Amino acid sequence: MWHDEAVNRRHLILTAAAAAAALPSWLAAQPAFPAKAIRIVVPFGAGGIADLTARAVGQQLAEQLGQPVVIDNKPGAGGVGAGEQVARAEADGHTLLLMSNGTAVSAGLFRKLPFDAQKDFAPVGLIGTFDLAILVPEGSKLRSLADLLAQVRAQPGKLNIATVAVGSTQNLAAELFKTTAGIDAQVVPFNGTPAVVTALRSGEVDAAVEILGPVKTQVTAKALRALAVLGDKRPPGLPDVPTAGETGGSLAGFQVASWNALAAPAATPREVVARLNRELQAALANAQLKRKLADLNVEARPGTPEQLAGLLASEIQRWGDVIARAKVPRQ
């Protein structure tokens, strides 16, 4: 009896040792994930919608993972510096990139990048989407998107549409809107959202395409009027603002939305990426975080790494075509 038990114990020990030997080398050598603070590199400055989104999500992830989540703002150069930093970081899941449609835009805007957006990152998952809107001053005679289209067609080339700098999401969204609607209007770039709003309210320009979140309070205060949003549904809190697609005609089905997501360096182990995705999906299901994001006009849209990879590929193709049609100089 004693001999049989000893044999069984020895068999279990040998079996466990064999199983450990069969583990992938990275798993055998790695401590439990996460082993330290996680850093999210944000390609935009503090205080913007991307930064605020990253901080809200990071706080919830920190609670779930039991490790700090640090936001590292690296603005400038169209997000190229931030992307390069993450692409070259240690691929252990502790350094992540706040990816956005700006990542897709950069692929078509820059002649040469120090990374390949599709090959040098492991998609973790989408965080959410946020609306862009077509705005006019509150005192404008344009009451609807149909009014704007009618005016442009009656006076081709005279209507001015303000956006943030050439190559920005807002700028390219305006160019895509022009092409889709088949109108002749002038897209006028400014240095930032405050300059766009100033030009709009002073009457220097007739309309603007801007991310809704930063100007939503001015819309609700009736300093600006939103003729339409460019997403697929009316914005929460502004049920009277239609989508551009509701105008019909060539704009039927027209959709443009900004988005944010998380990505890791390409060589990050699949098991770590899967864990990060599970935690991100759980965070985005948290009622408190969803409310925080909604206050920023961000709609939480959790998804799989594969879905994010598909979105990135389609966005690179889409914005590359827009850049080519608009003849935006490559940088």
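The values are calculated or read from the model by the stated rules, or taken from the named source; none is laboratory data. Source: prediction; values computed, not measured. Methodologically, a virtual Cβ is constructed for each residue, glycine included, from the backbone with ideal geometry; neighbour enumeration extends over all protein chains shown. Please note that ligands, DNA and RNA were not included when accessible areas were found on the heavy atoms of the full protein model with its side chains. Shrake-Rupley method; radii C 1.70, N 1.55, O 1.52, S 1.80 Å.
I want to verify a result. In a Gaussian network model of the chain, Cα cutoff 10 Å, which of these has the top mean-square fluctuation: G93, G192, G231? Of G93, G192, G231, the most mobile in the Gaussian network model is G192. Seen against the Cα atoms of the chain and their longest principal axis, helix 193-202 is set at about 20 degrees. Global size of the range 38-111: 12.4, 41 Å for Rg and Dmax (C-alpha atoms, Rg to one decimal, Dmax whole). Among 125-137, 241-253, sorting by the average number of other beta carbon atoms lying within 10 angstrom of each residue, highest first, gives 125-137, 241-253. Annotation: per residue accessible area for the range 199-331 equals 47 Å², rounded to a whole number [probe 1.4 Å, protein chains only]. Using alpha carbons only, how many degrees (0 to 90, rounded to 10) separate the axis of helix 169-181 from the longest principal axis of the chain? The angle comes out at about 60 degrees. Sorting the segments 116-124, 170-178 by their residues' average number of neighbouring beta-carbon atoms within 10 angstrom, most packed first, yields 170-178, 116-124. Protein heavy-atom surface of the chain, 1.4 angstrom probe: 54% of the accessible area is carbon and sulfur, with nucleic acids and ligands not counted.
When shorter helices are ignored and each DSSP H run of at least 4 residues is given -39500 (n - 2.57), the per-residue value for the chain at 222 nm works out to -14000 deg cm²/dmol. Simple rule: put +1 on each Lys or Arg Cβ and -1 on each Asp or Glu Cβ in the range 190-331, find the dipole, and look at P194, L227, A207; the Cα lying farthest toward the positive end is P194.
How far is helix 2-22 tilted off the main Cα axis of the chain, in degrees rounded to 10, range 0 to 90? Once rounded, one gets 30 degrees.
Counted residue by residue at 0.36 nm each, then reduced by the alpha carbon distance between them, the extension gain from R143 to A294 reaches 51.7 nm. Counting only aspartates and glutamates at least 8 places from K36 when in the same chain, those with an alpha carbon closer than 15 Å to its own are E63, E90, D92. The dipole here belongs to the range 91-210: it is taken about the Cα centre, uses +1 on the Cβ of Lys and Arg and -1 on the Cβ of Asp and Glu, and is about 300 debye.
Annotation: extensible slack from A252 through D184 equals 22.6 nm (criterion: 0.36 nm per residue apart, minus Cα-Cα distance). K222: which lysines have alpha carbons under 20 Å from its alpha carbon, excluding same-chain residues fewer than 8 sequence positions away? Hits, sequence-local ones excluded: K141. Let me cross-check L312: its accessible surface, 1.4 Å probe, with only protein heavy atoms counted, in Å² to the nearest 10? Around 10 Å² of this residue is reachable by solvent. Put a dot 7 Å past the Cα of Q67, heading toward its Cβ, do the same for D116, and the two dots end up 2.8 nm apart.
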